[in-house]
Structures are given as structure tokens and as C-alpha cells.
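Any read-out appearing in this document is the output of simple, stated calculations on the displayed coordinates, not a laboratory observation. All values derive from a computational prediction rather than experimental measurement. All Cβ positions, even for glycine, are placed from backbone atoms using ideal geometry, and neighbour counts span all protein chains on display.
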Amino acid sequence: MNLTTTKKIAETRIEVVDALRGFAVIAVLLVHSVEHFIYPVYPDVENQAAWLTTLDKSNFTLTFGLFAGKAYAIFALLFGFTFHIQFSNQQKKGIGFIIYFFQVRFCKWWLSKHSHGPLEYMWKKATWIGANK
């Protein structure tokens, strides 16, 4: 890429979308870190101080109340928005419909001969080597 191409890309980017995507990714990571440590289950409530139990429950509720639903919704919305932008750009070039057409034709042909998709078929063949299934 040369300097002119880089400037064109920088001019066409929507900075608000990038900022929202960054917020959504950080919020999803925060929610998953809380889920990873399994606050509602560990540590055992009976063997710890009452204030620690209250702190655990409030942390869990606050994290999920403020971040979980919003982060997943923003992430999904931005995925759809970005997909729309990419699909529109491909349609302007005439590529989108051609790829879609051949993909649908290939899928119909493949599924008429196999019960799984191509990647599932390859994975099944690779993992069931030597098995009688």
C-alpha cells in the first residue's frame, strides 16, 4: 500500500463505529472475565465473610447489568453494519452477486450428495480415521 491508498482508507473509515466496536470488545472481555471466575459458584458462601458474599453478588450484578446485554447488542449491531458496508462495496464492483450465486449452487450440489457441510465432512473424515463409523 502506498501513501495515497492509506489516506483514502483513513478518509473512508467511520471513527465512531471503530470506537463503539472497541468499547464492545472491551465490555465482552470484562463480562467473560467475570464469567470465567464463576462468581456465583465459588468461593463457598458458607465459609466466607458476609461482606465478601455481598461484594461478589454486587460485582456480578453490576457487571452483567451495565455491560453484558449492551456489549453483545452493540457488537451484533456493528457486525451487521460492517457486513452491510462490505456487501455494498462488493455489489458496486459486481462481485457480491457472483460469489453468492456460485456459493448457493455449490451448497445445493454438495448437500445433494452429503449429509454434512464440506468442513464438517473433512473434520469427520480426519477424526474418525480407522473407526468403523
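Summary table
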| item | result |
| --- | --- |
| Approximate spin-label separation Gln90-Asn47, in nm, with each point projected 7 Å along Cα-to-Cβ | 5.4 nm |
| Where labels lie 7 Å past Cα in the beta-carbon direction, separation of Ile98 and Ser33 in nm | 4.7 nm |
| Hull-based mean projected area of segment 94-133, where the convex hull spans the alpha carbons, in square nanometres | 3.3 nm² |
| Square roots of 5 times each gyration tensor eigenvalue, C-alpha, segment 10-90, largest first, Å | 38, 10, 8 |
